[in-house]
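Novice: Sharing a structure below in structure tokens format, with a few things to ask.
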Amino acid sequence: MKLVLVVEDEYGSAQALGLLLECEGYAVGIAANGRIALERMAHARPDLIVSDYMMPVMNGAQLGHVVRARAEWASIPIVLTSAADETRVRGEFAGYDAFLRKPFDAGQLVSLVTRLLADPGATPARGPAGLDGVDPSRDELRPPPEPPIER
């Protein structure tokens, strides 16, 4: 089962995204900001990260920079979401694999996650047009038990 890490500071949104992805057959971990996401990643390497851009403590762009800088995490696909314009997001961090502007359709997210995790033989491609050729191949992981979302 593929592990998707949802990084979202809005509790209701995090829970809704988690439930949506679980219903699609994914294991889901949830973190309320980038710092908590990194703590979770130290225990279980996700197959894909869906992260909000604007969050307290450590935002999605800062999280993306740390993920891309670590060799063991550098190939994890990152989907950034935001109500902000993609140009602003790209100005801070262009190493994401896909961007979804909030509000987005649940089906859009599911299709995107499925597509990014579907081809284990692909080569990574980064940036807003980088949906083709992502390397999502990973060892199977079991997510750690989920503690309550920290604020």
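The values are calculated or read from the model by the stated rules, or taken from the named source; none is laboratory data. Just so it is clear, the model here is predicted, and its values are computed rather than measured. Quick reminder, even Gly has a Cβ in these numbers, built from the backbone with ideal geometry, and neighbours come from all protein chains shown.
Novice: In the range 54-70, what residues are of a type in the set (Gly, Ala, Ser), touching a residue at least 12 places away in the same chain (Cβ under 8 Å) and over 12 Å from residue 32 (Cα atoms)?
Specialist: Start the filter on the range 54-70 by keeping residues that are of a type in the set (Gly, Ala, Ser), which leaves 60-61, 64, 69.
Subset that is touching a residue at least 12 places away in the same chain (Cβ under 8 Å): 60-61, 64.
Across the range 54-70, the qualifying residues are 61, 64.
Novice: Among the numbered conditions (1) among the hydrophobic types (A, V, I, L, M, F, W, C); (2) more than 16 Å from residue 113 (Cβ to Cβ); (3) part of a loop (DSSP other than H, G, I, E, B), tell me where residue 67 comes up short.
Specialist: (3)
Novice: What residue, of 92, 8, is more than 23 Å from residue 114 (Cα to Cα), in contact with a helix residue (DSSP H, G or I) (Cβ under 8 Å, 6 or more places away or on another chain) and not aliphatic (A, V, I, L, M)?
Specialist: Details: 8 fails: more than 23 Å from residue 114 (Cα to Cα).
Residue meeting the stated conditions: 92.
Novice: Considering only residues that are among the charged types (D, E, K, R) and modelled with pLDDT of 95 or more, look in the range 56-91 and name the one that is surrounded by the most Cβ atoms within 10 Å (Cβ to Cβ).
Specialist: Once the filter is applied, the top-ranked residue is 68.
Novice: Being in a loop (DSSP other than H, G, I, E, B) and among the small types (Gly, Ala, Ser) is the filter here; which residues of the range 82-117 pass it? I'd like the intermediate steps shown before the answer.
Specialist: Quick first cut of the range 82-117, residues in a loop (DSSP other than H, G, I, E, B) only: 83-85, 93-97, 102-105.
Result: 83, 84, 94, 95.
Novice: Moving to a separate point now. For the range 1-50, give me each residue that is crowded, with 18+ Cβ neighbours inside 10 Å and part of a loop (DSSP other than H, G, I, E, B).
Specialist: 2, 8, 9, 26, 32, 33, 46, 47 - these are the residues of the range 1-50 that are crowded, with 18+ Cβ neighbours inside 10 Å and part of a loop (DSSP other than H, G, I, E, B).
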